[in-house]
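Student: Structure provided below as structure tokens; questions to follow.
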Amino acid sequence: MQWVRAQSIAEALSHAGPHSRYVGGGLSLSLLAQRGIEQPETLIDLSALPLRQVEGRQGGLRIGAQVRLAELATQPMVQSLAPLLLEIAGQIATPALRNQATVGGELLEPTRCPLFRDPSNARCNKRSAGSGCAVIDGVGGPGALFGTSASCVATSASELAVGLCAMSAEVTLYSPEGTTERSLPLLDLYREPGSDPSSSLTIQRTELLTSVTVPVLAQQVFGYARLAESPLAPLASAAVMLSVRDPVVVDAKVILGGLTSRPWRAKRCEQRIIGQPLAAVQSEQVVAAALEGAQPRPSSRPLLSLAEQVVRHALRRAVEAHVAHRR
Amino acid sequence: MTTRAEDPALSRRQFLVVSAASCALAQHAAAQEATESQALTPAEPSLRPGDVILSCRVNGTPQRLVIDPGSSLLDVLRQQLGLLSVRHGCADGTCGSCTTLVAGKRVPSCLTPAALCHQQDITTVEGLSPDGELTPLQKAFVRHDAVDCGFCIPGQLVAAHALLQEPIGPDPASLAEALCGQQCACDKLPQILAAIASVRSQRG
């Protein structure tokens, strides 16, 4: 195993290969490597790269991938332009973990499926294709409600992504093959497991995520809610964006997290809100629409009511935010 | 100063060799490695492929260490520097017994790669009272009967020291929230929180 202290993005990319891993805060990588689930040969240390700034950019924000969650949660520009991010970042994991965890690492956090992370469990299609799935067989953990497949029910771990997808954020990526950066809507960074659950991402592991760009639009308001039983990860969460031209909602985004295979866009719910008066946003039909497409199994069926609760709460908070905004 | 009190990579390799089929070969290899390790003078460690130089200050003392790239900060502090106050607890970053200051910020050392701490200031509980006198926090822990078995206490003290410098609301709930991730199996968290609160109120 070798450790490379990259001095530039180009140098970091030049060391990327099939057995390399980029190291931001190194937390999940350490955990998975200590358990033998990750076996990297080259560790590419990103700490010398200039990726630790939050900058205002065309009315929005550009957040470097190396910004710590604790820094994001106390950053004045984030507080004034994107309080939703401040709220979410300040609730992730624990204060000590937030000091070490980076924005990029949180967005790329591997699933917290307990059986994926348990090296004594041999039946995990995500780790070893065709080995089966102990969660689907009913051993430990409810698994995801949305976006699952017959081979994998792992939940996505990033909480920042739930809020950032509601904000239509984009990520900037560099690839060892190309010399120029490209941007990708954050929602398109994640994929459903389908028949190949080996990766939860649409990008190669050699690609380097350098920043997140967050548009900030004056007419948008947000609501977020989560239910957690441990500090590490919420069981269920939801983020709602409403764009209102009184009295009508002209645009909406509803993103579910926690019990989904990826940040999950509840399109039917959005369709039910757009064009409706603000007063209709909190109707039970809207909440029910957010749960359309759920694939409950015996162990995950009880989560449906949790999903309902977080959606209801997030919708209510978005409406309250609009009312406060209008004053 | 360079220290190589214990070499985890070497002991791991010895273990692998000893568990191999040929016992005679294993003894030979182990003996050879033992000779090699004796040949290392503390001041001039020889580098093996992959070894990383970690220059940092630990509790105020400059250190230049040779580490394995896969070592956690916890491994290095305990095994190479003998700082056993940094506890090996849950190993998944949630119990807080290995909490250590890096550049003044508290982090879980069990999941922090040691190589990331290059050129940083690292502080364990020993570094909080370099003159050996109990700090106000330590005295408050004693006064509030916050210590039972003591296993988690070094991590609690490091976390408490850090959080007194963090922007935390004045109410008890904010303080409890700030201590989230610091567990105590003896159920002394109420006393620990009371001890921290007393120091906080003294500082105004």
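Student: With the convex hull built on the Cα atoms of the stretch A:209-327, state its orientation-averaged projected area in nm². Please list the in-between numbers first.
Tutor: Details: hull surface 34.0 nm².
Seen from a random direction, the Cα hull of the stretch A:209-327 projects 8.5 nm² on average.
Student: Can I ask one more? Taking a ≥ b ≥ c as the square roots of the Cα gyration tensor eigenvalues, with a/c under 1.5 meaning rounded and otherwise prolate when a/b beats b/c, else oblate, which class fits the stretch A:1-41? It would help to have the intermediate numbers written out before the result.
Tutor: Numbers: a/c = 2.73, a/b = 1.78, b/c = 1.53.
Note, shape of the stretch A:1-41 comes out prolate.
Student: In percent, what relative contact order does the stretch B:41-148 have, based on Cα pairs under 8 Å that are 6 or more apart in sequence?
Tutor: Details: 169 pairs, mean separation 30.4, N = 108.
In percent, rounded to a whole number, it is 28.
Student: When you count, for each residue, the other Cβ atoms within 10 Å and take the mean per peptide, how do A:100-111, A:312-323, A:224-235 rank with the highest first? Working shown, then result.
Tutor: Numbers: A:100-111: 25.0, A:312-323: 20.0, A:224-235: 17.8.
My ranking of the peptides, most packed first, is A:100-111, A:312-323, A:224-235.
Student: Determine the shape class of the stretch B:83-204: with a ≥ b ≥ c the square roots of the Cα gyration tensor eigenvalues, call it rounded for a/c under 1.5, and otherwise prolate if a/b is greater than b/c, oblate otherwise. Before the final figure, lay out each step's value.
Tutor: Values: a/c = 1.44, a/b = 1.36, b/c = 1.06.
It comes out rounded by the Cα gyration axes.
Student: Separate question: Taking the dipole about the Cα centre of chain A, with the C-beta of Lys and Arg at +1 and of Asp and Glu at -1, give me whichever of A:N121, A:H19, A:V67 is farthest to the positive side.
Tutor: Positive-end residue among those listed: A:N121.
Student: Using 1/(1 + (r/R0)^6) with R0 = 51 angstrom and r between the beta carbons of A:V250 and A:S198, what's the FRET efficiency to the nearest 0.05?
Tutor: Values: r = 40 Å, r/R0 = 0.78.
Efficiency at R0 = 51 Å is approximately 0.80.
Student: How high is the relative contact order of the stretch A:123-216, given as a whole-number percent (alpha carbon pairs under 8 Å, six or more residues apart)?
Tutor: Details: 147 pairs, mean separation 27.9, N = 94.
This gives 30 percent for the stretch A:123-216.
Student: Convert each backbone phi in the stretch B:166-180 into a coupling constant with the Karplus relation 6.51 cos²θ - 1.76 cosθ + 1.60 (shift: θ = phi - 60°), then list the ³J(HN,Hα) values in order as whole Hz, x for Gly and Pro.
Tutor: Each residue of the stretch B:166-180 in turn: 9, x, 10, x, x, 7, x, 5, 5, 5, 4, 4, 5, 9, 4 Hz.
Student: From the Cα gyration tensor of the stretch A:146-211, with a ≥ b ≥ c the square roots of its eigenvalues, which class applies: rounded if a/c is under 1.5, or else prolate if a/b is larger than b/c, or else oblate?
Tutor: Values: a/c = 2.81, a/b = 1.40, b/c = 2.01.
In terms of gyration-tensor shape, oblate.
Student: State the answer as a single residue: which of A:P263, A:G293, A:A239 lies farthest towards the positive end of the charge dipole of the stretch A:214-327, with beta carbon charges of +1 for Lys and Arg and -1 for Asp and Glu, about the Cα centre.
Tutor: Value computed over the given set: A:P263.
Student: If you don't mind, another one. All other residues with a Cβ under 15 Å from the Cβ of B:A140 taken together, and with Lys, Arg as +1 and Asp, Glu as -1, what is their net charge?
Tutor: Overall, the nearby charge balance is +3.
Student: Which whole number gives the average count of other chain Cβ atoms within 10 Å of the Cβ atoms across peptide B:180-190?
Tutor: Details: counts 7, 8, 3, 0, 0, 0, 0, 0, 0, 0, 0.
That works out to 2 on average.
Student: What ranking do A:T213, A:T180, B:T124 get, fewest neighbouring Cβ atoms within 10 angstrom at the top?
Tutor: Values: A:T213 20, A:T180 6, B:T124 24.
Result, fewest neighbours first: A:T180, A:T213, B:T124.
Student: For A:E181 paired with A:R301, estimate the spin-label separation in nm (one decimal), with each label point 7 Å from Cα along the Cα-to-Cβ line.
Tutor: 4.9 nm
Student: Just how large is the dipole of the stretch A:93-166 about the Cα centre, in debye to the nearest 20, putting +1 at every Lys and Arg Cβ and -1 at every Asp and Glu Cβ?
Tutor: Dipole size: approximately 140 debye.
Student: Hey, another quick one. What does the charge count around A:A266 come to, taking other residues whose C-beta lies under 10 Å from its C-beta (Lys +1, Arg +1, Asp -1, Glu -1)? Show your work: numbers first, answer last.
Tutor: Working: positive: A:K253, A:R265, A:K267, A:R268, A:R272; negative: A:E270, A:E292.
Neighbourhood net charge equals +3.
Student: Determine the distance separating the Cα centre of the stretch A:136-194 from the Cα centre of the stretch B:171-194; give it in Å without decimals.
Tutor: Here the answer is 34 Å between Cα centres.
Readers should treat all values here as calculations from the given coordinates under stated rules, not as data from a laboratory. From a predicted model like this one, the values you see are computed outputs, not experimental measurements. As a convention, Cβ positions derive from the backbone with ideal geometry for all residues, glycine included, and neighbour counts pool all protein chains shown.
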